[in-house]
Amino acid sequence: MDNFEENEEEIYDEEENEDPIVFHSEEIEFELKNQEQIAAWIKESAEAEGKALSTVNFIFCSDEYLLQMNLEYLQHDTYTDVITFPYAEKEDDFIEGDIFISVERTADNAAKFGVSPEQELHRVMIHGVLHLIGYEDKTAAKKKRMTEKEDEYLSKLKLS
């Protein structure tokens, strides 16, 4: 997991709400289920960490699309499930950024970890948000803390 627009569906109208979450897809056909509930969960998770939302874009894409981004921006020649581009500073009281997620990679990982593709996708989504908040996962201790936070917020996601 690394730190760092065509089909667009906006959950919040920017004029009516100051903290939009926007879901896009690139080079794939994908529509996130339960968008309003997931957007509310993301907002609540960020607020629990003391952060408001500015603009957070989730871009769902293919393995190849994310590999090219990984090469271009991070010089990593590996597949990954998520790359996060934060646009706010850690000390800011808000988060802003783009979270690119490979739907193919999350589906493969779901099978490997014995969870549903939706569960793994939600884990990767909150993982990206945690990166925007300032959590890191480059050491064993930081990765453990990140996983604990993922589990904490995943336990609060209630979908109907």
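Below are the figures for this structure:
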item	result
Total residues in the stretch 65-93, condition farther than 19 Å from D151 by Cβ and either of a type outside the set (A, V, I, L, M, F, W, C) or surrounded by fewer than 17 Cβ atoms within 10 Å (Cβ to Cβ) (or both)	20
Test: residue in the stretch 141-155 that is more than 11 Å from the chain's Cα centre (by Cα), in a loop (DSSP other than H, G, I, E, B), charged (D, E, K, R) and farther than 21 Å from Y65 by Cβ	no
Residue match in the stretch 94-116 (condition: in contact with a strand residue (DSSP E or B) (Cβ under 9 Å, 6 or more places away or on another chain), more than 23 Å from I133 (Cα to Cα), of a type in the set (G, A, S) and modelled with pLDDT of 95 or more)	no
Test: residue in the stretch 38-46 that is surrounded by fewer than 17 Cβ atoms within 10 Å (Cβ to Cβ) and more than 14 Å from H131 (Cβ to Cβ)	yes
Any hit, the stretch 136-148, residues being in contact with a helix residue (DSSP H, G or I) (Cβ under 8 Å, 6 or more places away or on another chain) and either under 21 Å from N34 (Cα atoms) or charged (D, E, K, R) (or both)	yes
Helices (runs of 4 or more DSSP H) contained in the stretch 55-140 and holding at least 3 residues at positive phi	none
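The values are calculated or read from the model by the stated rules, or taken from the named source; none is laboratory data. What you are looking at is a predicted structure, and each value in this text was computed from that prediction instead of being measured. We place every Cβ from the backbone using ideal geometry, glycine too, and count neighbours over all the protein chains shown.
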